[in-house]
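Visitor: Structure below; questions to follow.
Just so it is clear, none of the values below were taken in a lab; they were calculated from the coordinates. What you see is a predicted model, and the numbers here were worked out from it, not measured in a lab. Here the Cβ is made from the backbone with ideal geometry for all residues, glycine too, and neighbour counts use every protein chain on show.
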Amino acid sequence: MSTFQHEPGTAIECLSIPIKLSKEPGSDEAGNQVFRCGFKIGGGIDQDYRQSPQGFSDNGIYVTGIDQQGPAWRAGLRIGDKVLQCNGYDFTMVTHREAVDKIQKYKVLNMLIARQGVTQPCYENQTATKVN
């Protein structure tokens, strides 16, 4: 897995990639309807990034798992992506719980992500989507 390798607090060169993810309906263990996004996150300003098994280099919110062929995969999200924004909410300085709450709140996620090594437009398995 690749992560951003830079000194905390320094600027990184990256392109903000827009991702529009529509959750799909499913059921939880109790049989209640839920909407699944198909990815897991790690990080947050309340976490010690030096303790992360993924090797994070800052307190950002990172994608740590993707369900193959799920909504996140189809939308173009990848393991190691750093979530910069979700539905207009800045994810660069949020706690882990705040990030989870924002992601769970909406059926459609309009996200801006940064991907290591992507400094030019690249729309692998996705279309460009305007993020408001």
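Visitor: In terms of Cα to Cα distance under 16 Å, which lysines are near enough to K23, apart from those fewer than 8 places away along the same chain?
Guide: Straight-distance partners of K23: K40, K102, K105, K107.
Visitor: So if we plug the beta-carbon distance of Q51 and S16 into 1/(1 + (r/R0)^6) with R0 = 25 Å, what FRET efficiency do we get, rounded to 0.05?
Guide: 0.35
Visitor: Using packing as a proxy for protection, rank 87-97, 58-68, 17-27 so that the peptide with the highest average count of other Cβ atoms within 10 Å comes first.
Guide: The packing order, highest mean first, is 58-68, 17-27, 87-97.
Visitor: Here's something else I'd like to know. For K20, which aspartates and glutamates qualify as cross-link partners when the Cα separation must be under 18 Å and same-chain residues fewer than eight apart are set aside?
Guide: Within reach: D67, D81, D90, D101, E124.
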